[in-house]
Amino acid sequence: MEKRVVFRSAWLPYALLAPQLAITAVFFFWPAGQAVWYSFQLQDAFGLHSSFVWFDNFAALFRDPHYLESFKTTAVFSVAVAGLGITISLLLATMADRVVRGALVYKTVLIWPYAVAAAVAGVLWAFLFAPSIGIVTYVLKGFGVDWNWIIKGDQAMLLIIIASVWKQISYNFLFFLAGLQSIPKSLIEAAAIDGAGPARRFWTIVLPLLSPTAFFLLVVNVVYAFFDTFGVIDATTQGGPAQATQILVYKVYHDGIKSADIGGSSAQSVILMIIVIALTAVQFKYIERRVQY
Amino acid sequence: MVEKRPLLDFITHAVLIVGAFVIAFPLYVTFVASTLSLEEIMSVPMPLLPGSHFVENYSQVLFAGSTGGSKAAVLDMLLNSTVMALAVPLGKITISILSSFAIVYFRFPLRNFFFWMIFVTLMLPVEVRIIPTFKVMADLGLLNTYAGLTLPLIASATATFLFRQFFMTIPDELAEAARMDGAGPMRFFWDVVVPLSKTTMAALFVIQFIYGWNQYLWPLLIASDESMYTVVIGIKRMITGGDAANEWNLIMATAMLAMLPPALVVVLMQKWFVKGLVETEK
């Protein structure tokens with residue numbers, strides 16, 4: 001797409017672009033370049049001397065069982081967050097699309113968690129599930145469940161999954177609702193006249209028409225689970241116990257800031273950048289397709 | 001609805017009520033806990049009806065802060081959060097409306113190169129370049145300053161794209177007419193483009209306000225000084241140890257204060273919020 005009518009000036013367009021380009025260069029390209037540079041370097045403990053070590057940092061990473069474990073943790077976590085988040089919000093959106101009475105009330109209640117910061121969402125759920133005083137812990141104890149996420153890795157994982165899904169449901173819900181409302185009513189009515197019940201209509205008409213939205217949300221949710229859940233984890237488990245909840249992005253932060261391993265952390269950053277670029281490419285390929293559709 | 005099915009209607013409402021309950025339950029417990037004394041919270045199970053310490057807890061956190069962990073007053077933190085939540089959207093809207101105007105309404109050398117330069121930033125979230133960005137900020141002396149908190153967050157490709165998409169829908173006849181009447185590009189920008197973009201700006205503002213208010217990792221790195229804490233960071237700093245050692249009544253009061261402004265924005269400006277959300281992701 002290009003404009004037919006344009007203005008002419010030798011300097012004005014550069015002046016208009018300057019603020020954005022300056023910020024982009026200083027805060028994006030310079031640091032990203034440095035990340036790549038550091039990832040090939042080994043610094044001594046005092047940061048006084050560094051030497052160029054080619055791919056040693058990367059090789060060391062893939063020999064490190066903790067790093068490989070972190071990959072697995074991230075995979076489990078993002079599949080759970082994306083899967084649960086999408087399923088639950090699809091159910092809620094389908095129901096909300098059906099109701100006439102009280103629709104606005106349901107919608108308002110369901111969308112406000114979007115406004116909650118990830119770290120605050122983590123704190124709220126950590127409080128509900130607190131091992132000694134939590135109200136949910138108390139109920140669980142009534143059922144004979146011994147709940148203590150501070151020492152049990154799988155329970156810690158469950159806690160951050162619940163908090164992350166809870167925060168993301170409203171986002172998915174809004175997109176599904178918009179998708180449902182854009183399905184022509186005539187299609188549904190035609191199927192109903194042909195004798196298809198609500199369940200049949202959902203599986204054969206609604207769900208196929210929603211699949212582009214669902215796929216888009218899948219990518220968004222995976223990206224969310226990879227990066228935006230940092231606040232949830234830092235406010236609750238901090239990667240523990242025994243690294244059971246240390247997803248990749250948390251490990252970058254932990255190794256770089258807490259352990260001051262600049263080379264190793266930068267190498268992890270570079271790997272993460274490659275993952276993000278791959279995810280973005282998938283997303284854009286899909287958007288191209290949707291435009292044709 | 002196509003047909004009458006009382007049973008399905010019942011199930012629909014039942015599912016929605018359960019969903020709404022699960023979504024709202026943490027908020028309710030947070031509110032209740034913020035009105036109790038610490039002893040009441042510590043008694044297992046804690047009461048599920050609001051207590052009588054509302055004024056006490058809120059005035060304590062607002063003006064004095066908690067006694068363990070961070071001792072900064074939450075009122076100052078709210079001020080810092082407000083600065084961030086306003087500076088990020090305003091900065092973002094300003095720089096991206098200018099740059100997309102240049103990209104759409106001018107032909108000049110390196111235009112495509114600059115466009116791609118902005119585009120690539122979509123792929124580099126703050127989280128993946130934490131350490132080098134932190135070093136850059138330290139080198140520039142921007143740690144513990146408002147500029148350091150906000151500047152890196154105002155560059156983003158999404159807003160630029162949104163404006164670019166919108167400018168594409170402005171009829172060419174308007175630019176043609178403006179040119180014939182002898183208006184220069186900036187005159188056209190102020191008198192035609194900016195007024196037409198108001199809806200887009202409002203939608204972006206709502207989304208970016210929430211984004212700025214809820215920032216976590218960035219202020220965690222940049223704001224090491226208590227006077228620069230945002231309220232989200234403040235909550236994290238109040239949590240000092242095991243679950244029994246925290247002043248949960250004060251933490252929960254702070255959490256309520258941290259949630260209130262963005263929640264109000266979402267609920268009161270629902271129309272703009274939904275528009276902004278759906279459009280920024282296109």
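A few comments on the model shown:
- Any hit, region B:76-90, residues being away from every other protein chain (no Cβ under 13 Å) and modelled with pLDDT under 90: yes
- Just one of the listed residues (B:K271, B:K236) is at pLDDT below 90 and at the interface with chain A (Cβ under 10 Å from one of its Cβ atoms), namely B:K236.
- Top-ranked residue of region B:172-194 - restricted to ones that are surrounded by 14 or more Cβ atoms within 10 Å (Cβ to Cβ) and away from chain A (no Cβ under 11 Å), ranked as farthest from B:T94 (Cα to Cα): B:V192
- Evaluation of B:S197 against (1) within 11 Å of chain A (Cβ to nearest Cβ); (2) under 27 Å from the mean Cα position of the chain (by Cα) (one fails), failing number: (1)
- Checked against (1) more than 27 Å from B:T240 (Cα to Cα); (2) more than 13 Å from the chain's Cα centre (by Cα); (3) surrounded by 22 or more Cβ atoms within 10 Å (Cβ to Cβ), A:G256 passes all but a single condition, namely (1).
- Condition check for A:A119: under 25 Å from A:F173 (Cα atoms) and either at the interface with another protein chain (Cβ under 7 Å from one of its Cβ atoms) or modelled with pLDDT of 90 or more (or both): yes
- Qualifying residues in region B:206-221 (those that are part of a loop (DSSP other than H, G, I, E, B) and facing chain A (nearest Cβ under 7 Å)) - the one surrounded by the fewest Cβ atoms within 10 Å (Cβ to Cβ): B:Y216
- Residue within region A:95-114 that is more than 8 Å from every other protein chain (Cβ to nearest Cβ), under 30 Å from A:G256 (Cα atoms) and either at pLDDT 90 or above or in contact with a helix residue (DSSP H, G or I) (Cβ under 9 Å, 6 or more places away or on another chain) (or both) present: no
- One residue stands out in region B:134-146 among those that are within 11 Å of another protein chain (Cβ to nearest Cβ) and surrounded by fewer than 22 Cβ atoms within 10 Å (Cβ to Cβ): the one that is nearest to B:Y216 (Cα to Cα), namely B:F134.
- Beta carbons closer than 7 Å, at least 6 apart along the sequence or on distinct chains, pair a first residue in region B:155-176 that is over 16 Å from B:F188 (Cα atoms) with a second that is outside any loop (DSSP other than H, G, I, E, B) and among the charged types (D, E, K, R) for B:S156/B:K92; B:A159/B:K92; B:L162/B:E279.
- Region A:10-25 - residue that is under 13 Å from B:P185 (Cα atoms) and surrounded by fewer than 17 Cβ atoms within 10 Å (Cβ to Cβ) and, of those, modelled with the highest pLDDT: A:A15
- No other residue among B:T199, B:T158, B:T169 is more than 17 Å from B:L78 (Cβ to Cβ), surrounded by fewer than 21 Cβ atoms within 10 Å (Cβ to Cβ) and touching a Ser or Thr at 6+ places or on another chain (Cβ under 9 Å) apart from B:T158.
- Residue, surrounded by the fewest Cβ atoms within 10 Å (Cβ to Cβ), within region B:222-272, restricted to residues that are part of a helix (DSSP H, G or I) and among the small types (G, A, S): B:S227
- Considering region A:228-242, the residues that are among the small types (G, A, S) and assigned to a loop (DSSP other than H, G, I, E, B) include one that is farthest from A:A126 (Cα to Cα), namely A:A242.
- Only one of A:I169, A:I150 that is more than 23 Å from A:N221 (Cβ to Cβ) and in contact (Cβ under 8 Å) with a residue 40 or more places away in the chain: A:I150
- Residue match in region B:106-114 (condition: more than 7 Å from every other protein chain (Cβ to nearest Cβ), over 20 Å from B:M201 (Cα atoms) and surrounded by 17 or more Cβ atoms within 10 Å (Cβ to Cβ)): no
- Filtering region A:243-282 to residues that are touching an Asp or Glu at 6+ places or on another chain (Cβ under 6 Å), part of a helix (DSSP H, G or I) and not β-branched (V, I, T) leaves A:D255, A:G264, A:S265.
- Pairs, first closer than 18 Å to B:I170 by Cβ in region A:1-20, second surrounded by 16 or more Cβ atoms within 10 Å (Cβ to Cβ) and of a type in the set (S, T, N, Q), C-beta under 7 Å, six or more apart: A:L16/B:S99
The values are calculated or read from the model by the stated rules, or taken from the named source; none is laboratory data. What you are looking at is a predicted structure, and each value in this text was computed from that prediction instead of being measured. No Cβ is skipped: glycine too gets one built from the backbone with ideal geometry, and neighbour counts run over all protein chains shown.
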